[in-house]
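The values are calculated or read from the model by the stated rules, or taken from the named source; none is laboratory data. Note that this is a predicted model, so its numbers are computed, not measured. Counting neighbours? That spans all protein chains shown, and the Cβs are built from the backbone with ideal geometry, glycine included.
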Amino acid sequence: MDIRRVGVVGAGQMGNGIAHVFALAGYEVILHDIAEASLKAALATIDKNMERQVSRGKISAEVKAEALARISTSLDIALLGPTDLIIEAATEKEDIKNKIFASLAPHLAPHTILTSNTSSISITRLASRTDRPEKFMGFHFMNPVPVMQLVELIRGIATDGPTYDALKAVVDRLGKTASSSEDFPAFIVNRILIPMINEAVYTLYEGVGSVSSIDTALKLGANHPMGPLELADFIGLDTCLAIMNVLYDGLADTKYRPCPLLTKYVEAGWLGRKSQRGFYDYR
Ligand code: CAA
């Protein structure tokens, strides 16, 4: 099927990055959020990040202007109804995601594909609450979206072949690379990445190394672009903890138990960059 118009629900860090890459690839994008301020902030972020691409010679000023013109915003979710593809990138809470899909339902065209950018919630369960589980998939982008090459494609148990093929073609048009995952807790990237981060927190908790020695060790010893504690701050410690809990509950294996120090930081409100404090102090 021909996907031309895309609705993005949620204008936060992931939603604005997703709108950015779709607009640059030539799609018409409608970005929805419940707060006007979030939509304004998202457009400013997209403008800034595209300008960075212009200044580094990745795109021309003309391409940037054309891409920005392809993005419209809406506080009314009903306006996303006539799109060909919906990408839900709202808060990582299952009840909120279910409510979003329910509020879209009366407005959707019959052919519209529904996707969620969830980093760990069951696609099969989210799909089962909609009127079109065969046209529902996990569509997991990595942060920062304009830079990261990978998109995880996660089939729910009922997802049909044409839906998968359509999303695979979208990933190709975005110039990104797809990795297919079956629908099990945290899929592939986060099943491997977040336990590594959790282990780094245990390494700190048990006094094996300091924050800087742990991060330096992985940056220079394993060529990671960021150390695991710096990356945890970047992702958000609350998100890391939530994903560990999904793994722990969903796979019932103690090897996924969240480190008590990670829990303590989240309880303190030390969530990483977004709260100005995590393993590092950004104040
Ligand atoms: N938009 C557009 N371009 C951006 C950008 C953004 N938001 N952020 C960085 N860039 C570009 C820069 O312009 C620069 O481009 P050039 O190579 O053309 O010069 C390039 O990215 C590198 O940026 P910087 O030089 O500013 O900084 P850096 O070299 O330190 O790289 C980084 C920054 C790309 C974030 C790098 O540190 C990195 O790759 N970190 C790891 C990120 C990662 O692992 N992400 C996955 C998180 S897990 C996840 O997302 C899944 C989940 O569900 C939790």
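Mind checking whether some residue in the stretch 62-83 is under 25 Å from Leu126 (Cα atoms), within 17 Å of the chain's Cα centre (by Cα), more than 14 Å from the ligand (Cβ to nearest atom) and among the acidic types (Asp, Glu)?
The answer is no, given that none of the residues of the stretch 62-83 is under 25 Å from Leu126 (Cα atoms), within 17 Å of the chain's Cα centre (by Cα), more than 14 Å from the ligand (Cβ to nearest atom) and among the acidic types (Asp, Glu).
Does at least one position in the stretch 52-59 carry a residue that is crowded, with 18+ Cβ neighbours inside 10 Å and either in contact with a Gly (Cβ under 7 Å, 6 or more places away or on another chain) or not assigned by TED's automatic domain parsing to the domain that holds Arg173 (or both)?
Scanning the stretch 52-59 turns up no residue that is crowded, with 18+ Cβ neighbours inside 10 Å and either in contact with a Gly (Cβ under 7 Å, 6 or more places away or on another chain) or not assigned by TED's automatic domain parsing to the domain that holds Arg173 (or both).
If we scan the stretch 127-134, do we find a residue that is farther than 25 Å from Gly12 by Cα, away from the ligand (no atom under 16 Å from the Cβ), among the aliphatic types (A, V, I, L, M) and touching a residue at least 24 places away in the same chain (Cβ under 8 Å)? Lay out the reasoning, then the answer.
First pass over the stretch 127-134, keeping only residues farther than 25 Å from Gly12 by Cα: 128, 131-134.
From the residues that got through so far, the ones that are away from the ligand (no atom under 16 Å from the Cβ) too are 128, 131-134.
Right, trim to among the aliphatic types (A, V, I, L, M) and you get none.
Scanning the stretch 127-134 turns up no residue that is farther than 25 Å from Gly12 by Cα, away from the ligand (no atom under 16 Å from the Cβ), among the aliphatic types (A, V, I, L, M) and touching a residue at least 24 places away in the same chain (Cβ under 8 Å).
Go through the residues of the stretch 202-213 one by one and say whether even a single one is within 15 Å of the ligand (Cβ to nearest atom) and assigned to a helix (DSSP H, G or I).
no
Filter the stretch 214-235 for residues that are within 15 Å of the ligand (Cβ to nearest atom), surrounded by fewer than 21 Cβ atoms within 10 Å (Cβ to Cβ) and of a type outside the set (A, V, I, L, M, F, W, C) and give the result.
Of everything in the stretch 214-235, those that are within 15 Å of the ligand (Cβ to nearest atom), surrounded by fewer than 21 Cβ atoms within 10 Å (Cβ to Cβ) and of a type outside the set (A, V, I, L, M, F, W, C) turn out to be Thr216, Lys219, Asn223, His224, Pro225.
Ala166 versus (1) within 16 Å of the ligand (Cβ to nearest atom); (2) touching a strand residue (DSSP E or B) at 6+ places or on another chain (Cβ under 9 Å); (3) in the same structural domain as Ser116 (by TED's automatic domain parsing): which is the lone unmet condition?
Evaluating Ala166 over (1) within 16 Å of the ligand (Cβ to nearest atom); (2) touching a strand residue (DSSP E or B) at 6+ places or on another chain (Cβ under 9 Å); (3) in the same structural domain as Ser116 (by TED's automatic domain parsing) leaves (1) as the failure.
Quick one: how many residues across the stretch 170-194 are touching a residue at least 12 places away in the same chain (Cβ under 8 Å), in a helix (DSSP H, G or I) and within 16 Å of Gly26 (Cα to Cα)?
Selection size over the stretch 170-194: 4.
Just give me the residues in the stretch 65-88 being over 19 Å from Met14 (Cα atoms) and in contact (Cβ under 8 Å) with a residue 12 or more places away in the chain, in sequence order.
Asp76, Ala78, Leu79, Gly81, Pro82, Thr83, Asp84
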